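Working notes, beginning with the structure itself.
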Amino acid sequence: MIRRALAQCTVSDLERAEKWYTALFGRGPDTRPMPGLLEWHLGDTFGLQVWSEPDRAGRSTVVLDETDLDAAAAHATKAGAAHDGPQPGGGARILPLTDPDGNRVVFTGK
């Protein structure tokens, strides 16, 4: 039985990515399971891995359901993540962000 899901973004510079995702999530990674891998446990059964794999960097998309999209947009701005604000998408609203490698991190919510 599957009990947990971890999305993954591949990056070229783990130190730069750690700074960006730490600012975005408001805290550092929860674990460093092995060299080149960072994990944020965003809930009991889900999270995000940031993996150093330069040849595949920038080709990931992660969608995160957010309870307060306007607050997420304000936090993203404060964290230095450029965006155009929440916009219609997927039957709700989305807040698309791009990490320094070009990976898409899309918050969705109301």
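The values are calculated or read from the model by the stated rules, or taken from the named source; none is laboratory data. Computed from a prediction, not measured in an experiment: that's the story for all the values here. We place every Cβ from the backbone using ideal geometry, glycine too, and count neighbours over all the protein chains shown. Please note that ligands, DNA and RNA were not included when accessible areas were found on the heavy atoms of the full protein model with its side chains. Shrake-Rupley method; radii C 1.70, N 1.55, O 1.52, S 1.80 Å.
Scanning the stretch 1-18 for residues that are open to solvent by 60 Å² or more (accessible area, probe 1.4 Å) and either in contact (Cβ under 8 Å) with a residue 60 or more places away in the chain or in contact with a Ser or Thr (Cβ under 6 Å, 6 or more places away or on another chain) (or both) gives Arg4, Asp13, Arg16.
Taking (1) under 16 Å from the mean Cα position of the chain (by Cα); (2) touching a residue at least 24 places away in the same chain (Cβ under 8 Å); (3) in a strand (DSSP E or B) in turn, Arg93 satisfies each apart from (1). Restricting attention to the stretch 8-20, the residues being farther than 10 Å from Pro100 by Cβ and either within 10 Å of the chain's Cα centre (by Cα) or part of a helix (DSSP H, G or I) (or both) number 5. Looking only at the stretch 19-51, residues that are open to solvent by 40 Å² or more (accessible area, probe 1.4 Å) and over 24 Å from Gly109 (Cα atoms) come to 8 in all. Inspection of the stretch 69-82 finds a residue satisfying the criterion of being of a type in the set (D, E, K, R) and assigned to a helix (DSSP H, G or I). Listed by first and then second residue, the pairs with beta-carbon distance under 6 Å, at least 6 apart or on different chains, first residue in the stretch 22-47 and free of Cβ contacts under 8 Å to residues at least 40 places away in the same chain and under 18 Å from Pro100 (Cα atoms), second surrounded by 15 or more Cβ atoms within 10 Å (Cβ to Cβ) and β-branched (Val, Ile, Thr), are Gly28/Thr22; Leu38/Val50.
Does any residue of the stretch 77-88 turn out to be aliphatic (A, V, I, L, M) and touching a His at 6+ places or on another chain (Cβ under 8 Å)? No; the residues of the stretch 77-88 include none that is aliphatic (A, V, I, L, M) and touching a His at 6+ places or on another chain (Cβ under 8 Å).
Scanning the stretch 55-107 for residues that are more than 20 Å from Glu18 (Cα to Cα), open to solvent by 30 Å² or more (accessible area, probe 1.4 Å) and not small (Gly, Ala, Ser) yields a total of 11.
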